[in-house]
Amino acid sequence: MLRGIALIEMIVYHGLYDWVFVFGRTMPFMHSKQAYWWQQSICWLFILLSGAVLNYGRRPSRRGIQVFLCGMLLTVVTLAVIPSEQIWFGVLHFLGCAAMLCGFLRPWLSKIPASAGAVGSFVLFSVFKQVPSGMIGILDIPLVSLPASWYSQSWLFPLGLPGYGFISADYFPLIPWLFLYLTGFYLWRVVMNGSLCEKIFAIPQCRPLAWLGRHSLWIYLLHQPALMAVTAALNYCL
C-alpha cells in the first residue's frame, strides 16, 4: 500500500515535471524547495521500501538484473525519443544494482544488529548525500569540498562521481543512495522485531493501492509515455 501511495505521488509529480520542464509551461511551484522535498520524499519512500523487501526476496540478484535491464531500456528510449531528458543511471538502474549487490551480501549484512545497521546506514547516507555534487556534509548541507580529480573520469558516474558535463534527467548513483537502501533493509528488521509489527499487519488492506504496489515496475515503465501523450495533448489544446 505504501508503494502504491508513492507511485501515485510519482505519477502526479512527473506529470507536472513534463508540463513545466519538457513543454515549457509556467508553474512556480515546480521550481520551489517544496517541490524538491516532495520529489525527495517520493524517492526516499521507494528506496526505503525496496531495501525493506530485500529481507523477503528469494532471488534478489535475478530480480535486480531484471530491474537494471528495464533501466537500460529507459536509457535507450530517452536517447532515441527525447535526448534532452536522457537517463543514464536513474532509479531503476540503481535499484537493480542495489538488489544484485545487497542480495549477494545479504548473508553478511544480516549478521549486523538491525538497530546499529539502520542508524549507521542513515548516518552514512546523510554524510555522503552531496557526493555527486562534489561535497560531503549533512543531508543537503554541504560542509567539505571533495577533490576535483575524483570527478575527472566520465565512467565513474554510477558510483556518484559524475564527470564534467554529465547529464541525466534521473540520477541515483550508488553513493549515497545505497546507504538509504540499506537503511530500509535494517529499519524493517527493527520494526519486525518490535511492538509495531502486529499493529502494522493489522492495518486493513486497501486493495487498489496494494495492486498498484505489486505492479509498480510495469506501471513505472508505462506511466511516462502515457503522461507525455496527455501533457502533449493538453499543451496543444491550451
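The values are calculated or read from the model by the stated rules, or taken from the named source; none is laboratory data. Remember, predicted model here, so these are calculated numbers, not experimental data. With ideal geometry, Cβ positions are generated from the backbone for all residues, glycine too; neighbour counts draw on all protein chains shown. Ligands, DNA and RNA are stripped out before the accessible areas are found, and what is left, the full protein with its side chains, is counted by its heavy atoms. Shrake-Rupley method; radii C 1.70, N 1.55, O 1.52, S 1.80 Å.
Listed here are the residues, each with its yes/no results for (1) over 18 Å from Leu92 (Cα atoms); (2) modelled with pLDDT of 90 or more; (3) among the hydroxyl-bearing types (Ser, Thr, Tyr).
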position	(1), (2), (3)
Gly165	yes, no, no
Pro173	no, yes, no
Asn193	yes, no, no
Cys197	yes, no, no
Ala202	yes, no, no
Trp211	yes, yes, no
Ser216	no, no, yes
Pro225	no, no, no
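I need the full set of residues from the stretch 118-146 which are open to solvent by 60 Å² or more (accessible area, probe 1.4 Å) and either on the phi > 0 side of the Ramachandran plot or outside any helix (DSSP H, G or I) (or both), in order please.
Matches in the stretch 118-146: Ile138, Ile141, Pro142, Leu143, Val144, Ser145.
Determine if the stretch 154-169 includes at least one residue that is of a type in the set (S, T, N, Q), buried (at least 19 other Cβ atoms within 10 Å of the Cβ) and either in a helix (DSSP H, G or I) or touching a Lys or Arg at 6+ places or on another chain (Cβ under 9 Å) (or both).
no
Of the residues Gly71, Gly90, which single one is under 18 Å from Leu221 (Cα atoms) and touching an Asp or Glu at 6+ places or on another chain (Cβ under 8 Å)?
Details: Gly71 fails: touching an Asp or Glu at 6+ places or on another chain (Cβ under 8 Å).
Being under 18 Å from Leu221 (Cα atoms) and touching an Asp or Glu at 6+ places or on another chain (Cβ under 8 Å) holds for just one of Gly71, Gly90, which is Gly90.
So Tyr56 passes all but one of these: (1) in contact with a helix residue (DSSP H, G or I) (Cβ under 6 Å, 6 or more places away or on another chain); (2) aromatic (Phe, Trp, Tyr); (3) open to solvent by 70 Å² or more (accessible area, probe 1.4 Å). Which condition number does it fail?
(1)
Need at least 3 residues that are of a type in the set (Ser, Thr, Tyr) and either at pLDDT 90 or above or on the phi > 0 side of the Ramachandran plot (or both) per element, so show me which helices (runs of 4 or more DSSP H) inside the stretch 1-94 make the cut, counting only ones lying wholly within it.
On the way: elements: 2-17, 33-53, 60-81.
In the stretch 1-94, the matching helices (runs of 4 or more DSSP H) lie at 33-53.
Within the stretch 86-125, work out how many residues are of a type in the set (Gly, Ala, Ser) and in contact with a strand residue (DSSP E or B) (Cβ under 9 Å, 6 or more places away or on another chain).
So the count comes out to 1.
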